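Here's the structure, in structure tokens; my notes come after.
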């Protein structure tokens, strides 16, 4: 976990010095380019990949050049086309982008679901990629790429952030997927005990409005297939009557690894006076 956060901290420190030149429009354009790169690979579009990769591209850690990288992508495409049910599904999020007029660094989390994990069962893997782009002849190209698997501490840390985002967005699908079937919660405000279904309904149907959901002072402990997270949980917004609130609570979240992925198993909190 420390190594992951150190890497992120170094990236932030570097980004601060040049980020003034990187507008939201620039960042959106770079995300769109990153998405086009992914789509070209999924579609086996060799011509597009030839334009996306710079001629002097190098991929790490294997020091793989442009031609070999594209050949590997095409082999994956052909394998997936022959057996669609066996194809991995990849999503990208938690972007951090820094850029100048002629260069950019883009890093994001990768969530990979594979139908053929350990024991031939579905499994979810997480990693983080760092891409280096340069604008050449007026268009962005990929100059280099590196990535590393996230350790279990980093995986749980990101899942905690995802949980906050799901609360903020009232994202029922996220809760349905990431709460264990025997999930339970104890409310920090009412001490009410709720199961998975009740907790989801209470969250997505809440009549208040939220402007901030965050966790700080997180401590993560992991023992085999169990993780315990403690910290401070803060929500800020207005209740259903329009009354403003800014609440902080000490919380404990328990995660369990089942079916090849971490699932939220229990949560409890106590309001900080």
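Values for this structure:
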{"item": "Elements of type helices (runs of 4 or more DSSP H) contained in the stretch 1-87, each with 1 or more residues being at pLDDT 95 or above", "result": "24-42, 46-52, 66-82"}
{"item": "Top-ranked residue of the stretch 249-263 - restricted to ones that are closer than 17 Å to residue 214 by Cα and crowded, with 17+ Cβ neighbours inside 10 Å, ranked as nearest to the chain's Cα centre (by Cα)", "result": "253"}
{"item": "Within the stretch 213-230, considering residues that are out of contact with any helix residue (DSSP H, G or I) (no Cβ under 8 Å at 6 or more places or on another chain) and outside any loop (DSSP other than H, G, I, E, B), the one nearest to residue 167 (Cα to Cα)", "result": "216"}
{"item": "Single residue of the stretch 169-181 satisfying the filter (touching a residue at least 12 places away in the same chain (Cβ under 8 Å) and in a helix (DSSP H, G or I)) that is farthest from residue 258 (Cα to Cα)", "result": "172"}
{"item": "Tally of residues being closer than 16 Å to residue 263 by Cβ and touching a helix residue (DSSP H, G or I) at 6+ places or on another chain (Cβ under 9 Å) across the stretch 145-156", "result": "0"}
{"item": "The stretch 147-156, residues that are crowded, with 17+ Cβ neighbours inside 10 Å and closer than 30 Å to residue 65 by Cβ", "result": "150, 154"}
{"item": "Identity of the residue in the stretch 112-146, more than 14 Å from the chain's Cα centre (by Cα), in contact (Cβ under 8 Å) with a residue 60 or more places away in the chain and closer than 30 Å to residue 221 by Cα, that ends up surrounded by the fewest Cβ atoms within 10 Å (Cβ to Cβ)", "result": "118"}
{"item": "Criterion (in contact with a helix residue (DSSP H, G or I) (Cβ under 8 Å, 6 or more places away or on another chain), surrounded by 14 or more Cβ atoms within 10 Å (Cβ to Cβ) and within 24 Å of residue 93 (Cα to Cα)) met by exactly one of 159, 168", "result": "159"}
{"item": "Test: residue 194 is assigned by TED's automatic domain parsing to the domain that holds residue 164, assigned to a strand (DSSP E or B) and under 30 Å from residue 151 (Cα atoms)", "result": "no"}
{"item": "Residue satisfying condition, being touching a residue at least 12 places away in the same chain (Cβ under 8 Å) and closer than 24 Å to residue 28 by Cβ, within set 85, 102", "result": "102"}
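The values are calculated or read from the model by the stated rules, or taken from the named source; none is laboratory data. Please read all numbers here as calculations on a predicted model, not as lab measurements. For neighbour counting, all protein chains shown are included, and Cβ atoms are generated from backbone atoms with ideal geometry for every residue, glycine included.
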